[in-house]
1. Going by what's in this entry, would residue 49 be described as of a type in the set (D, E, K, R), within 21 Å of residue 114 (Cβ to Cβ), crowded, with 19+ Cβ neighbours inside 10 Å and modelled with pLDDT under 95?
2. Would you tally the residues in the stretch 11-38 being polar (S, T, N, Q) and modelled with pLDDT under 95?
3. Here's a check for you: in the stretch 27-57, which residue that is of a type in the set (Lys, Arg) and under 12 Å from the mean Cα position of the chain (by Cα) is farthest from residue 120 (Cα to Cα)?
4. All but one of (1) open to solvent by 80 Å² or more (accessible area, probe 1.4 Å); (2) in a loop (DSSP other than H, G, I, E, B); (3) not hydroxyl-bearing (Ser, Thr, Tyr) hold for residue 40; state the number of the condition that does not hold.
5. Restricting attention to the stretch 98-145, and to residues there that are at pLDDT below 85 and of a type in the set (Ser, Thr, Tyr), which single residue is surrounded by the most Cβ atoms within 10 Å (Cβ to Cβ)?
Amino acid sequence: MNATTPQLTSPVRTFTQLLSSTRRGARLARLLAAEELRTWPVSPTVTERAEQIIAELAANAALHGRVQGRDFRLTLTLDEATGVVRIEATDTRGEELPVLTPEPRPDEESGRGLLLVAALADRWGTEPYPPGGKIVWAEVSARPS
């Protein structure tokens, strides 16, 4: 007699939104994601960290990953089994990979976004998104390390 034991699956929550590659789209990404995250079973600290990361990745997608007439996608995932919130910003400029640079001079107006992402995220990186885009992702642990 072959019997299979039912497997308990842990819930995975997902939020995905396509947004215009503009400052307004980046702002909307942050606002929509913040609303969604507040309904998920994660601590306010994780939500605050994720919101800052979302703001930076969305701004970078709209500014540096922009191709006229093409949108960017924001995806959030919470795997409740691992307690990890994954943030992904997908844009259409696969040849423009983000690079973590040394801290800019105090009088420079830009160049701190990825430094913030690296400081706030437990892990971050990039992946190709065929045929010509990229995904910049970051993960925040919802559980203490």
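The values are calculated or read from the model by the stated rules, or taken from the named source; none is laboratory data. Keep in mind that what you see is a predicted model, and the values were worked out from it rather than measured. Glycine gets a Cβ as well: all are built from the backbone with ideal geometry, and neighbour counts include every protein chain shown. Just so you know, the surface numbers come from the protein's heavy atoms only, side chains and all, with ligands and any DNA or RNA stripped out. Shrake-Rupley method; radii C 1.70, N 1.55, O 1.52, S 1.80 Å.
1. Working: of a type in the set (D, E, K, R): yes; within 21 Å of residue 114 (Cβ to Cβ): yes; crowded, with 19+ Cβ neighbours inside 10 Å: yes; modelled with pLDDT under 95: no.
Taking the combined requirement at face value, the residue does not satisfy it.
2. 3
3. First, the residues of the stretch 27-57 that are of a type in the set (Lys, Arg): 27, 30, 38, 49.
From what's left, under 12 Å from the mean Cα position of the chain (by Cα): 30, 49.
Details: 30: 16, 49: 6 Å.
By that ranking, first place goes to 30.
4. Residue 40 satisfies all of (1) open to solvent by 80 Å² or more (accessible area, probe 1.4 Å); (2) in a loop (DSSP other than H, G, I, E, B); (3) not hydroxyl-bearing (Ser, Thr, Tyr) except (1).
5. 101
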